[in-house]
């Protein structure tokens with residue numbers, strides 16, 4: 001089995017798992033009462049198999065118990081048993097209590113919100129951008145330990161607020177330490193929400209420089225149902241953009257992946273492609 005160099009210069013064994021591909025499907029910015037968005041994207045989930053991820057802001061506007069029951073449960077809630085969520089800033093408007101209560105053990109340790117699991121040949125890590133993730137934080141210490149122990153060759157990571165975004169909310173530089181740690185450990189995919197649109201970036205390093213050899217491909221998929229945003233400041237590495245409700249489907253195979261953005265019925269925008277693991 002190959003040896004993978006870590007940032008500290010130590011090597012660890014990396015396993016290339018075989019077997020059937022896994023499917024990861026989802027979006028962020030979902031349960032917004034007063035729009036039809038989450039009902040329409042939930043209809044897509046009804047037709048798509050796989051593990052459902054959420055990239056934060058599950059229930060607007062404050063992540064309250066009532067909002068989870070009224071704005072999320074009637075739509076994406078019917079897929080709760082196969083959902084592995086992550087929280088967003090709106091989920092934390094009420095301290096995150098309703099979020100952890102609603103999703104239970106599927107959301108990881110209560111009050112932490114970061115955890116990892118295996119999907120087919122891939123390791124999947126869900127992080128929490130709404131608590132500290134800088135150097136020396138409990139989340140960063142956990143992440144470094146998880147990556148060091150991870151013997152799987154292909155890894156995807158998702159959380160809410162993106163480091164890079166051409167959307168209205170823009171970049172979130174406080175997530176750069178996380179990005180740098182993932183880059184040093186050869187992570188393959190990053191999936192975020194927060195800006196209510198779809199955007200795909202070319203592989204890049206934590207400073208936004210193109211890197212076809214080791215760069216991470218980032219997707220912003222804030223298209224689960226909240227009112228949509230446009231793109232006021234286009235990043236140079238931005239490869240595809242769409243302001244439309246829909247879900248992203250990632251087919252995770254041994255040694256590589258495919259992606260497809262599936263819009264709600266009647267919308268023409270689509271995006272698809274494939275890539276290899278580091």
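Just a yes or no: is a residue in segment 219-229 touching a residue at least 40 places away in the same chain (Cβ under 8 Å) and farther than 24 Å from residue 59 by Cβ? Scanning segment 219-229, I find no residue that is touching a residue at least 40 places away in the same chain (Cβ under 8 Å) and farther than 24 Å from residue 59 by Cβ, so the answer is no. A count restricted to segment 49-64 and to residues that are farther than 21 Å from residue 228 by Cβ and either exposed (fewer than 15 other Cβ atoms within 10 Å of the Cβ) or touching a strand residue (DSSP E or B) at 6+ places or on another chain (Cβ under 8 Å) (or both) stands at 3. A single entry from 200, 209 fulfils the requirement of being out of contact with any strand residue (DSSP E or B) (no Cβ under 9 Å at 6 or more places or on another chain) and at pLDDT 95 or above: 209. The strands (runs of 3 or more DSSP E) found wholly in segment 5-76 and carrying at least 3 residues that are modelled with pLDDT under 95 occupy 11-13. Taking residue 211 as the residue in question, decide whether it is over 23 Å from residue 91 (Cα atoms), without any contact (Cβ under 8 Å) to a residue 40 or more places away in the chain and either surrounded by 18 or more Cβ atoms within 10 Å (Cβ to Cβ) or within 18 Å of the chain's Cα centre (by Cα) (or both). So residue 211 fails the test.
The values are calculated or read from the model by the stated rules, or taken from the named source; none is laboratory data. What you see is a predicted model, and the numbers here were worked out from it, not measured in a lab. Note: ideal-geometry Cβ built from the backbone for every residue, glycine included; neighbour counts use all protein chains shown.
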